[in-house]
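The values are calculated or read from the model by the stated rules, or taken from the named source; none is laboratory data. Keep in mind that this is a model prediction, so the values were computed, not measured. Positions of Cβ are generated from backbone atoms using ideal geometry, with glycine treated the same way; all protein chains shown enter the neighbour counts. Surface areas here come from the heavy atoms of the whole protein model, side chains and all, with no ligands, DNA or RNA. Shrake-Rupley method; radii C 1.70, N 1.55, O 1.52, S 1.80 Å.
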Amino acid sequence: MAKSGQARVPTAAQQRHLFLVIQGHRHPEKNTAIMQVSFKLGLRAQEIALLQVKEVAKLNPMGTEFKLLEVMSLPAAYTKGANAMKRSKSHYQRKTISFDIDSFDKVVRQIEALAKSGADVNPENFYPPVKQHRGKSRDLPMVDQGLREALGQYLNLRLGKGEKLTPSSPLFITQKGGPYSPNTLQEHMALMLRDWAGVEKASSHSGRRSLITNVIHKQKKSVKIAQKIAGHVNPSTTLIYEEPPEEIIEDALKGLD
């Protein structure tokens with residue numbers, strides 16, 4: 001079973017059910033394309049929210065026709081870049097801080113001097129700077145036929161409504177016509193998985209976990225390949241996916257008599 005806090009990895013049957021029930025809700029073309037990108041390319045919800053048309057298609061000069069690209073080139077700025085386009089409303093709250101010995105000694109002396117002078121001491125003034133997430137660009141071949149059909153149908157739908165696309169147009173837009181914020185898209189993807197398809201403990205990360213788990217356990221590819229697909233800077237992050245998926249554990253338990 002998935003560790004506490006990790007997104008559920010849907011079975012193949014659950015994935016098929018998801019794409020089936022999406023057809024019974026509003027905006028099936030868009031929602032199918034969103035979940036295809038999640039399951040077939042392993043993008044994080046915030047990366048999907050930041051996608052622009054130019055990442056998946058080449059437009060004609062009038063923005064009325066397109067040709068799907070063979071490879072999606074995901075910019076480094078998108079990777080863990082929820083604030084890349086100022087569309088995230090989340091606020092980072094620190095829970096722990098750490099110092100090397102010399103820095104800690106220096107901070108203690110500074111606080112001691114301030115206290116002796118009678119000045120107010122604000123702990124936050126002595127926190128070390130927050131380490132910025134390092135983005136990592138990656139090229140992801142768009143070879144899956146279901147993925148390509150979903151993207152093509154969705155873009156054709158938008159063009160059919162008279163929309164003129166530009167390379168920088170958001171790939172996925174809300175009912176109001178604007179881009180999704182990462183937080184809003186996370187919630188929408190979780191809604192489709194949990195409420196529409198009934199996949200318990202699923203989240204916007206389920207498609208990503210499903211793909212990487214499949215690459216390691218079913219395709220028997222190396223961790224290095226899985227790391228490249230996932231865009232992990234540290235291979236130790238990818239190694240988390242070496243935990244046996246739920247399907248394998250269920251098969252093992254079925255054999256007990």
Check: the chain dipole with +1 on Lys, Arg Cβ and -1 on Asp, Glu Cβ, in debye | 640
By how many degrees, between 0 and 90 and to the nearest 10, does the Cα long axis of helix 101-117 differ from the longest principal axis of the chain?
-> 60
Looking at the square roots a ≥ b ≥ c of the eigenvalues of the Cα gyration tensor of the range 117-217, which shape do they give, rounded for a/c under 1.5, prolate if a/b is larger than b/c, or oblate?
-> prolate
Could you state the accessible area per residue of the chain in Å², with a 1.4 Å probe and every protein chain left in place?
-> 59
Spin-label pair Ile97/Lys224, simplified geometry with 7 Å Cα→Cβ offset, distance in nm = 4.1
What residues have an amide H closer than 5 Å to that of Ser169, excluding those fewer than 5 places away on the same chain, when H is modeled at 1.01 Å from N in the peptide plane?
-> Val53, Lys54
Which residue, Ser137, Ser206, Ser222, tops the fluctuation ranking in a GNM of the chain built on C-alpha contacts under 10 Å?
-> Ser222
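Keeping the other protein chains in place, figure out the carbon and sulfur percent of the accessible area of the chain, with a 1.4 Å probe. Before the final figure, lay out each step's value.
Values: 8090 of 15270 Å².
Reported share for carbon and sulfur atoms: 53 percent.
Could you compute the FRET efficiency for Ser236 and Lys201, with r as their C-beta to C-beta distance and R0 at 30 Å, rounded to 0.05?
0.80
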Just Pro179, Pro28, Pro61 to compare: in a GNM of the chain, with alpha carbon springs under 10 Å, which one fluctuates most?
-> Pro61
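Looking at this model, which pairs from Lys161/Lys228; Lys201/Lys254; Lys164/Lys228; Lys161/Lys201; Lys201/Lys228; Lys67/Lys228 are more than 30 angstrom apart at the alpha-carbon?
Beyond 30 Å: Lys161/Lys228; Lys164/Lys228; Lys161/Lys201.
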Mind listing the phi-derived Karplus ³J(HN,Hα) values for the range 211-226, rounded to whole Hz, using 6.51, -1.76 and 1.60 with θ = phi - 60°, and x for any glycine or proline?
-> 5, 5, 5, 4, 4, 7, 8, 9, 7, 6, 7, 6, 4, 5, 5, 4
What's the angle, to the nearest 10 degrees (0 to 90), between helix 28-41's Cα axis and the longest principal axis of the chain?
-> 60
Between the modelled labels at Phe104 and Leu253 (7 Å from Cα along Cα→Cβ) the distance in nm is 4.3
What residues have an amide H closer than 5 Å to that of Met72, excluding those fewer than 5 places away on the same chain, when H is modeled at 1.01 Å from N in the peptide plane?
-> Leu140, Met142
For the pair Thr174 and Gln23, what calculated FRET efficiency results from E = 1/(1 + (r/R0)^6), where r is the Cβ-Cβ distance and R0 = 25 Å, to the nearest 0.05?
-> 0.80
Most fluctuating residue of His25, His217, His232 in a GNM of the chain with Cα springs under 10 Å: which is it?
-> His25
Please label the shape of the chain as rounded, prolate or oblate, based on the square roots a ≥ b ≥ c of the eigenvalues of the alpha-carbon gyration tensor (a/c under 1.5 means rounded; beyond that, a/b larger than b/c means prolate, else oblate).
-> oblate
